[in-house]
Every structure is written in structure tokens, then in C-alpha cells.
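Beneath this line is the structure, given in C-alpha cells, with notes to follow.
The values are calculated or read from the model by the stated rules, or taken from the named source; none is laboratory data. This structure is a prediction, so every number in the text was calculated from the model and none was measured. Every residue, glycine as well, gets a Cβ built from its backbone with ideal geometry; the counts of neighbours run over all protein chains shown. For accessibility, only protein heavy atoms count, side chains too; no ligands or nucleic acids. Shrake-Rupley method; radii C 1.70, N 1.55, O 1.52, S 1.80 Å.
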Amino acid sequence: MSAAKIKTMDGHSNADWQMRKNAAMARGEGNVAPVFVDRASGSELWDVEGRRYIDFGTGIAVCNTGHRHPKVMKAVSDQLERFSHTCVMVTPYDSAVILAEALNDLAPGPSPKKTMFVTTGAEAVENAIKIARSHTGRRGVIAFDGGYHGRTIMTLGLTGKISPYKNRFGPFPGDIWRAPFPALYHDITVEDALGAVDMLFKTDVDPADCAAMIVEPVQGEGGFYPAPDEFMRGLRERCDRYGIVLIADEIQSGFARTGKFFACEHSGVEPDLMTVAKGLAGGFPLAAVVGKKEIMDAPAPGGLGGTYAGSPVGCAAALAVIDVIREENLTARAAHIGNVFKDRLTALQKAHPHTIGDIRADRGAMIAIELLQYGDRRKPNAALAKAVLTECYAKGLVVLTCGMDGNVFRFLPALTISNDLLDEGISIFEQAFKSCA
Ligand code: PMP
């Protein structure tokens, strides 16, 4: 038993662990709540004090198949009986090949696909940009305001939100430009957003020197705004016109979360490249770029990869996750979960019309509400969001916020959650909200 575990058994509290964490770990790696997890199962977790929580965060959209799904655990333990690491770039293994085949089949659109593996979402985005540049021989990249693509220097350059991600970490790589992301609730239309891309082509980057555009089909950290279908089609049309690689960042929105396997399927747009991570391996670190064969094969052998790229443990877990999504029909379940939230949150909004603004629940189990002051959508209510968040944890609910102003609640339950736990979790949120509003 590890030293840490022994301390837990000695009765250390969340507060004790928080003090030790503050002393031992850099403050930049902050935590949402002083809740130190002892164990988790399905849609529940228990802290070191034995308190139970319903999980509406799933480790930021990772455990879509719930904590420790028996099939995923079995696949992982079977893999661990065989080997844990050999490096896919030295002596590869079957599970990586089978998973690549599965992802190539799953990726939207008719074009033949290929896959490359890495370990984290940010790494997938980095590699998608490398592949796009290698394929086009161009340098420019267009991203969108409010977009989030990771914490490495390139992906921070793409990320369109300063605090807390970018402050004091520059300079960022050049040749990155940004346009507004359409958010009708905040008066940014599809026309405005596409017009701004066209303007970039006049003011900042010759489209003939633009390698890629990267977009989240549902903007995640930026506030859970679904990209309107016409916007996705407008980007596709411009990419086709100028030979630009369209990258869909499906890291948060993928793997059945939005009611389709991938969120860009809602628009019918086939991206050239797609980045995936998080839900892909249900809690084990694995990420990938999946895309059109001829683009994926642009970099020469050895140009892509990494020591832990496509860990055999992650690949085994991901194959099981894909089976579970199919066997348990989790795309339909995500849509159902979204509808349940929509009804309950709409009722809550009726009772609190001045504090609950937009409800975004049309993309399956990627659900959000925006909190306002005085019913004014230009007056975000981050203070209320913070108070409700604290109250949710006190009442036993793990939940997250997001958005440019920290006033958006996002709900990311496991797609395997039972009706009872779903109901109980939403009831806790309602009570927490009512006690603070
Ligand atoms: N892209 C998107 C859309 C994300 O939501 C995230 C993580 N929140 C990332 C990229 C970065 O992934 P990771 O934290 O695994 O590097």
C-alpha cells in the first residue's frame, strides 16, 4: 500500500489533503473543490472522508462510460497481464492497429482515413497543425475567439481566452489569427463570424498561405456554444475553395457526448482532420488525430509520434469504450439525458428568470446554463455561479463551470448514468441554486 493511502486510512480530511497539496504542488495546477477522491464507480465518487458525490463532471468529459465500467476495466486488466508499454514506434502491437481501423471507420464522411496516436488532447492539436502544415506547405492557422485547444505553447496560441490560460505565458507562435465564434445569444451571427474570416484573408493572411482552420463543433471551455450548421458549412466551403485543412477539435465533444459519435456529424460536414482525446479511452490517457488519408500521410516516417503515443493500456480501454458506446446505445442515451436536463432547467429558469439566461441543451449531454444579473445577458453573474458551485459540492454534486466570464454551468454526466442518479443529481443542483439565488 502506498504512503499516501496509509495517510488516508489514518483519517486525514479533505482539508488536511488540501493543505498538503498547497504545500507540495504548484498553485498553477489548481483544483475546483477541496474534495480528495478515495474511490469512484459508475456515476458516483466518494471522498477520503467517506462522503458520496454524484458526478456531473466526469473528469471534464472523460469518463463518458462512467467510472470503472466493467468492460473497460476488464480490457485494461487483460492488457496489463500481457504488457504495459513497448512504444508503438519501436515494437508496435495489435490493439493500436485495431483501434486505428475502428477510428478510421467511425470518423465522419466518405473519404478514406488514417490515424496517429498521442497521449493528450493538446498533443493531438499540435500534431494536427503539424500535419496540416506538412500537407499544404503553408504556415497560417485560423482559430476562433473563446476556443480552447490546450495548454502547450502552440495550443495556447490557438486558444482564444486569456485568463487563466494565457496570462504571462507568451510569446506564442506567430502565423495564428482568430475570428469571432458565432453566438447568437450574444449577437454574433454566422454572417459576422464568416465575414470576419473573409476579412482576415484581406487583412492578415493570404488564403494561399493558410494551412488550417481549427474549430470546436461545440465550443467547450468557452461556454458550450454549438457551432451552427451553416457556420460549419461556411468554413468547409472556404477551406475547399482555398485548399485549407479544416480541423474539427472533438476532444470534448466526441465519443457520443452530443448524441452523435462526433459533434460535427450534426452539421453533415466532413472535416479533413479531427482531434480526439478525453472520452476516447474512458479515463486512460490516449489521444489521436484521425483524418483524410492523403493529408495524414504528408509527414515522413519518424516525423510524428512520441514515447507514450498510443499506449497499449489506452488502446485496450478505447476499444472497450467504443464497444460499450455501441452495445449500450449511448448516443441515444446522451440525447435523452439532454432532454431531461432541458425540461428541468427550463422549469428552474421559469422560477428564476432574472438569473438564468440561455439554456444550451440541444447537443445531447453537453449541457449548459448561463447565469446573469438582472436578466441582462450582458451582465454575467460569476459570483452566483461560484456560490452555487460551492453549495453543489457541499450537497454532494460534482459540477463544473466554464465560459469567458465564468458564469456558465456545464453539465457532463456519464452517458451510462441511471435515471435515478440523474434525477437525484439535478435535484441537488436545483436545491443548491435555490439556496443561493
Ligand atoms: N481541445 C479541447 C476542445 C478541450 O476541451 C481540451 C481539454 N479541455 C483540449 C483540447 C486539451 O486537452 P488536454 O487537456 O488533454 O491536453
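Over region 261-362, consider all pairs of different Cα atoms and compute the Kirkwood hydrodynamic radius from their mean reciprocal separation; express it in Å, one decimal.
Hydrodynamic radius (Kirkwood, Cα only) of region 261-362 equals 17.0 Å.
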Residue-count net charge about D240 - beta-carbon cut-off 11 Å; Lys, Arg +1, Asp, Glu -1 = +1
How far, in nm, would the chain grow between D343 and S418 when pulled straight, counting 0.36 nm per residue and subtracting the alpha carbon separation?
-> 25.3 nm
May I ask you to order 14-20, 298-304 by the average number of other C-beta atoms within 10 Å around their residues, highest value first?
-> 14-20, 298-304
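Run through the DSSP bridge list for the chain and note the antiparallel percent, rounded to the nearest 5.
65
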For region 17-162, what is the charge dipole size about the Cα centre, in debye to the nearest 20, if Lys and Arg each add +1 at the Cβ and Asp and Glu each add -1 at the Cβ?
-> 420
On the accessible surface of region 1-139, probed at 1.4 Å with all protein chains in place, carbon and sulfur together account for a percent value of 57
To the nearest 20 debye, the chain has a Cα-centred charge dipole, built from +1 on Lys and Arg Cβ and -1 on Asp and Glu Cβ, of 780
Charged-residue dipole, Cβ positions (Lys, Arg, Asp, Glu), region 226-297 about Cα centre, Debye nearest 20 = 140
How big is region 68-202 by Rg and Dmax over its Cα atoms, in Å?
-> 19.4, 58
Dipole check, region 55-157, charges on Cβ (K,R +1; D,E -1), about Cα centroid: among T136, H149, Q79 the Cα furthest to the positive pole belongs to T136
In terms of the alpha carbon gyration tensor, root eigenvalues a ≥ b ≥ c, rounded if a/c is under 1.5 and otherwise prolate when a/b exceeds b/c or oblate, the chain is oblate
Å² per residue, accessible surface of the chain at 1.4 Å = 42
Using +1 at the Cβ of each Lys and Arg and -1 at the Cβ of each Asp and Glu in the chain, identify which of P413, S41, I214 lies farthest towards the dipole's positive end.
-> S41
Rank these residues by their accessible area, most exposed first, probe 1.4 Å: I417, I188.
-> I188, I417
Among V118, T203, A102 the positive-end extreme of the charge dipole of the chain (Cβ point charges) = V118
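Per the helix-only calculation at 222 nm, which mean residue ellipticity applies to the chain, given -39500 (n - 2.57) for every DSSP H run of n ≥ 4 and division by its residues, nearest 500 deg cm²/dmol?
Computed ellipticity for the chain at 222 nm equals -12500 deg cm²/dmol.
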Report the dimensions of region 154-293 along its three principal axes from the alpha-carbon atoms, largest first, rounded to Å.
-> 43, 38, 37
The chain: relative contact order in percent, alpha carbon pairs under 8 Å with at least 6 residues between | 21
Around Y165, what is the net charge, scoring Lys/Arg as +1 and Asp/Glu as -1 over all other residues with Cβ under 11 Å from its Cβ?
-> +3
